[in-house]
1. If you go through segment 137-153, how many residues are hydrophobic (A, V, I, L, M, F, W, C) and crowded, with 20+ Cβ neighbours inside 10 Å?
2. If a residue must be modelled with pLDDT under 95 and among the aromatic types (Phe, Trp, Tyr), how many such residues does segment 291-333 contain?
3. When you check Ile235 against the structure, is it surrounded by 20 or more Cβ atoms within 10 Å (Cβ to Cβ), hydrophobic (A, V, I, L, M, F, W, C) and free of Cβ contacts under 8 Å to residues at least 40 places away in the same chain, yes or no?
4. Suppose we filter Leu123, Leu132 for residues that are modelled with pLDDT of 95 or more, part of a helix (DSSP H, G or I) and aliphatic (A, V, I, L, M); which single one remains?
5. Could you figure out which of (1) part of a loop (DSSP other than H, G, I, E, B); (2) modelled with pLDDT of 95 or more; (3) of a type in the set (A, V, I, L, M) isn't true of Val82?
6. Could you tell me which residue of segment 293-316 is surrounded by the most Cβ atoms within 10 Å (Cβ to Cβ), considering only residues that are in contact with a Leu (Cβ under 9 Å, 6 or more places away or on another chain) and under 24 Å from Met248 (Cα atoms)?
7. What are the residues in segment 323-351 that are surrounded by fewer than 18 Cβ atoms within 10 Å (Cβ to Cβ), more than 19 Å from Ile264 (Cα to Cα) and among the small types (Gly, Ala, Ser), if any?
8. Just to be sure, is Ala69 part of a loop (DSSP other than H, G, I, E, B) and either modelled with pLDDT under 95 or surrounded by fewer than 19 Cβ atoms within 10 Å (Cβ to Cβ) (or both)?
Amino acid sequence: MTSRRRSGGGGPAPLTGAGRQRGRDLPVVAGRGTNHSPPNRFESRAFEVDPESLDPDAPGPRTQLIDDASRSIVATNDSPDVGFDASVNPYRGCEHGCVYCYARPSHEYLGYSAGLDFETKILVKRDAPELLRKALSAPGWKPRMVAMSGVTDPYQPAESALRLTRGCLEVLRDFRNPVGVITKNRLVTRDADVLGELAEHGAAAVFLSVTSLDRSLQRVMEPRTSTPAGRLDAIRRLTAAGIPAGVMVAPVIPGLTDHEVPAIVEAAAQAGAVAAGWVMLRLPHGVRELFEDWLGAHFPDRRERVLNRIREVRGGELSDSTFGRRQRGSGEYARQIEALFKAAVRKARLPGMPKLSTSAFRVPGKPLQLGLF
């Protein structure tokens, strides 16, 4: 093992010298979206592993749950193209392991890597429900839609046992504060009772993110998410419980999944979805390397075609964070994808997601102030 640049203590990164193609020379890690941890761009040192020293039959890294000591839970933003300005993230990092996830670089701010660290070192905000209750009780709280979550998936595997997302939903129910959920996990149906109570006040909506209907592609691209069929079933179950549910075709990957846009929208409509949205793939910072390596490992014959298609919708680059372009891309090919999506929505006759209401908001235990006249 040689010492060069440090990846924040988050595990080894592969050699990247001449003739070596980064993570593609390392054994595939079963059940993970990537097989290595590239260097953290904020750190000056990293540890690199010679792939020949690794045992391909050895078990992959286990998930670590690390307590997060954050003292606040509601994150705010003023981005004009996000669709919400307040969000709650009970977890940082995501075990779902989606190789393309735009949130991966956020782990570098914690001293970890955007690679395996992001999906194996999960920071857990165990007091998230209590922090949320405190935030909503504050005199300065303005009732508004809270997104669950703005960064990582609120229903990743750890949620099954920790139930932090459910705890936050129970707080939102007590305050009747509207919530919008987006997830790739059918575990959301477990909380249909709480979401249903909010929906009675027009204060709940759920989007299931579906990238592909191809099970074999989903298995290697989003290894610990629910199957495409499971996500469609979640839409069906939520709708049956009276909870408005929609589909997010996200991200659309040019040259790999863009042809599936009409089929995904139609399948979601058949399951009862009332609305659909879409987001174009972008590959910020370390995600670029991870995605390039992933394509080389799983789709070597399509690697350059896919990367060139991404550059075509990203102004010649693999990412564009400019407001107004980062969600949709730019250029003729991006416009074609958008037209394809809009045509699919029209054909499916989706009525659209109802606007969430704050009219029923209350602070539990606080007397209502009635007008004198």
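The values are calculated or read from the model by the stated rules, or taken from the named source; none is laboratory data. Please read all numbers here as calculations on a predicted model, not as lab measurements. For neighbour counting, all protein chains shown are included, and Cβ atoms are generated from backbone atoms with ideal geometry for every residue, glycine included.
1. Matching residues across segment 137-153 total 4.
2. The qualifying residues number 1.
3. Details: surrounded by 20 or more Cβ atoms within 10 Å (Cβ to Cβ): yes; hydrophobic (A, V, I, L, M, F, W, C): yes; free of Cβ contacts under 8 Å to residues at least 40 places away in the same chain: yes.
So Ile235 passes the test.
4. Leu132
5. (2)
6. Top of the filtered list is Val313.
7. Gly324, Ser330, Gly331
8. yes
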